[in-house]
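Report on one structure; see the data block that follows.
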Amino acid sequence: RGGIGGGDVKLAITACGMLNWPLCVPFLLYTAIGGGLLAIGYLLVRSRTRAAAVRGVLMTLSGVPGLAAKKHEGMPYAVAFAFGAVLIALSQSIAPFLRIHL
């Protein structure tokens, strides 16, 4: 509860279903990178100070129970899916250097 929801999973499955096999893996990798960037940006915008944001990231990454922020807010993960889709589209058209070969 409070993590990635059923709608996000359905969107990822649908997007992977629309792509052929080799493009599905880079799409998920680009989506994960976009999600990480989105989370860092969301943390920086939602924090009162930058020091609190950096402390929150370090506490969350440390994995020590009880150190992470207590208040959970939703994050629009569809933006990360859009980031992955745009990078896949660019890699197949005008930016071939973005291609990930399996």
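The values are calculated or read from the model by the stated rules, or taken from the named source; none is laboratory data. Fair warning: this is a prediction, and the values are worked out from it, not measured in the lab. Here the Cβ positions follow ideal geometry from the backbone for every residue, glycine too, while neighbour counts run over all protein chains shown.
Tell me, which residue of the stretch 14-49 that is closer than 20 Å to Ala89 by Cα, out of contact with any Phe, Trp or Tyr (no Cβ under 6 Å at 6 or more places or on another chain) and polar (S, T, N, Q) is modelled with the highest pLDDT?
Within the stretch 14-49, the match that is modelled with the highest pLDDT is Asn20.
What is the one condition in (1) within 26 Å of Ser91 (Cα to Cα); (2) at pLDDT below 75; (3) assigned to a helix (DSSP H, G or I) that Leu61 does not satisfy?
(1)
Could you pull out the residue among Ala80, Ala85, Ala89, Ala68 that is out of contact with any strand residue (DSSP E or B) (no Cβ under 9 Å at 6 or more places or on another chain) and modelled with pLDDT under 70?
Working: Ala80 fails: modelled with pLDDT under 70; Ala85 fails: modelled with pLDDT under 70; Ala89 fails: modelled with pLDDT under 70.
Residue meeting the stated conditions: Ala68.
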